[in-house]
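The values are calculated or read from the model by the stated rules, or taken from the named source; none is laboratory data. No experiment lies behind these values; they were computed from the predicted model shown. Note that each Cβ is placed from the backbone with ideal geometry, even for glycine, and that neighbours are counted across all protein chains shown. With ligands, DNA and RNA removed, areas are computed over all heavy atoms of the protein, side chains included. Shrake-Rupley method; radii C 1.70, N 1.55, O 1.52, S 1.80 Å.
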Amino acid sequence: KKEKDETNNITVLLLSGPNSDSGNVYSPPTETFTPLLSSHTTKHSSSLSKIIIDTTTLHPILSECRVLKSPHERSLLRHVTELTSLSHVYTMKHIKPSMMEYQGESLFRHYAYFTGGARHVGYTPICGCGPNASVLHYGHAAAPNDVQIQ
């Protein structure tokens, strides 16, 4: 987000801060922004004093938004949690030997969308078989659901 202040400076707000679950620090995309800001400053130098990149404002605000939930948000979370459970049950009931793991993922996604209206899912479902069934977070771009179920 860009904001102009009374001195005609532009402040660009970038997210930066630690993840409260993992402790990993999210770094803002400054390498992407720097060339854009440089070209903007060159083109508009007569009317612009300075571009300020603020990496401290957004994180505490967004962190607080994660904590407090309205009744509607809580209701939505209950709905998607129930839908997720039902999608897992549907997948387990309909997966068969000789199918591929990605077909299990497809069953999960289909049920969530067809039955619950969830066009997108919050994570790639783990549909691994054999040794893959015990690997947490299996079934993403780096480890696709690509094994045949025996």
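Between THR32, THR81, THR57, the distinction of being surrounded by 11 or more Cβ atoms within 10 Å (Cβ to Cβ) and either of a type in the set (Val, Ile, Thr) or modelled with pLDDT of 85 or more (or both) belongs to THR57 only.
Cβ separations smaller than 9 Å between residues 6+ apart or across chains give the following pairs from segment 8-26 residues that are exposed (fewer than 13 other Cβ atoms within 10 Å of the Cβ) to residues that are among the basic types (Lys, Arg): ASN8/LYS50; SER20/ARG66. So, LEU68, is that one within 25 Å of TYR26 (Cβ to Cβ), hydrophobic (A, V, I, L, M, F, W, C) and either open to solvent by 40 Å² or more (accessible area, probe 1.4 Å) or in contact (Cβ under 8 Å) with a residue 40 or more places away in the chain (or both) or not? Against the criterion (within 25 Å of TYR26 (Cβ to Cβ), hydrophobic (A, V, I, L, M, F, W, C) and either open to solvent by 40 Å² or more (accessible area, probe 1.4 Å) or in contact (Cβ under 8 Å) with a residue 40 or more places away in the chain (or both)), LEU68 qualifies.
Only residues that are surrounded by fewer than 17 Cβ atoms within 10 Å (Cβ to Cβ) and under 19 Å from THR84 (Cα atoms) were counted in segment 97-133, giving 14.
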